[in-house]
1. Is it fair to say LEU49 is in a helix (DSSP H, G or I) and at pLDDT 95 or above?
2. Being closer than 25 Å to ARG5 by Cα and β-branched (Val, Ile, Thr) narrows it down to one residue among VAL69, VAL46, VAL24, VAL40; which is it?
3. If you take the residues in the range 2-24 that are farther than 14 Å from ILE55 by Cα and of a type in the set (Asp, Glu), which one is surrounded by the most Cβ atoms within 10 Å (Cβ to Cβ)?
4. Please determine, by comparing only the residues of the range 73-101 that are within 9 Å of ALA9 (Cα to Cα) and among the hydrophobic types (A, V, I, L, M, F, W, C), which one is nearest to the chain's Cα centre (by Cα).
5. Can you go through PHE100, PHE70, PHE27 and tell me which one is surrounded by 13 or more Cβ atoms within 10 Å (Cβ to Cβ), in contact (Cβ under 8 Å) with a residue 12 or more places away in the chain, assigned to a helix (DSSP H, G or I) and out of contact with any helix residue (DSSP H, G or I) (no Cβ under 9 Å at 6 or more places or on another chain)?
6. For the range 73-97, give me each residue that is assigned to a helix (DSSP H, G or I), of a type in the set (Lys, Arg) and surrounded by 10 or more Cβ atoms within 10 Å (Cβ to Cβ).
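The values are calculated or read from the model by the stated rules, or taken from the named source; none is laboratory data. Bear in mind that the values here come from a model prediction, so they are computed numbers and not experimental data. Cβ placement follows ideal geometry from the backbone for every residue including glycine, while neighbour counts extend to all protein chains displayed.
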Amino acid sequence: MNERRYEFARHQCIQRLPEPERSVYLFVEKRELSLADEAVSENHYVRLLQQQSPIFAAAEHFKMEAAVVFETVQRIEASLEAKVSEYEKRLKLIDYTDEFRLQGLCLADERVKYYFLV
């Protein structure tokens, strides 16, 4: 559950980034994840990053200097580290499973839990 809370907090923080920083960051992140999926080992992943650099691809796509893209991504990642942690600490999960069962909104024998995120 903590991993999902972290991912939710991270997603929210990314969505709050101003444009064009958000688009640049998401572009680079998507490319990095795609290369990670393609890689068969850590060394292979590093080689793919060097050969098909998400930073250079973003620079070309957004018509920016690669150094500016790199600095932008680094700055955002440093900022996210602090903001996500703080945001995640403020999130609270409330178990509403019993309420849902009492209201007949779910089956009593279901093994599913229902939470409300505040």
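1. Criteria met by LEU49.
2. Residue meeting the stated conditions: VAL24.
3. GLU7
4. VAL84
5. Selected residue: PHE100, the only one of PHE100, PHE70, PHE27 that is surrounded by 13 or more Cβ atoms within 10 Å (Cβ to Cβ), in contact (Cβ under 8 Å) with a residue 12 or more places away in the chain, assigned to a helix (DSSP H, G or I) and out of contact with any helix residue (DSSP H, G or I) (no Cβ under 9 Å at 6 or more places or on another chain).
6. Answer for the range 73-97, where residues must be assigned to a helix (DSSP H, G or I), of a type in the set (Lys, Arg) and surrounded by 10 or more Cβ atoms within 10 Å (Cβ to Cβ): ARG75, LYS83, LYS89.
One line per residue, one yes/no per condition, for (1) modelled with pLDDT under 95; (2) among the basic types (Lys, Arg):
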{"site": "GLU38", "(1), (2)": "no, no"}
{"site": "HIS61", "(1), (2)": "no, no"}
{"site": "ILE76", "(1), (2)": "no, no"}
{"site": "LYS83", "(1), (2)": "yes, yes"}
{"site": "LYS92", "(1), (2)": "yes, yes"}
{"site": "LEU102", "(1), (2)": "yes, no"}
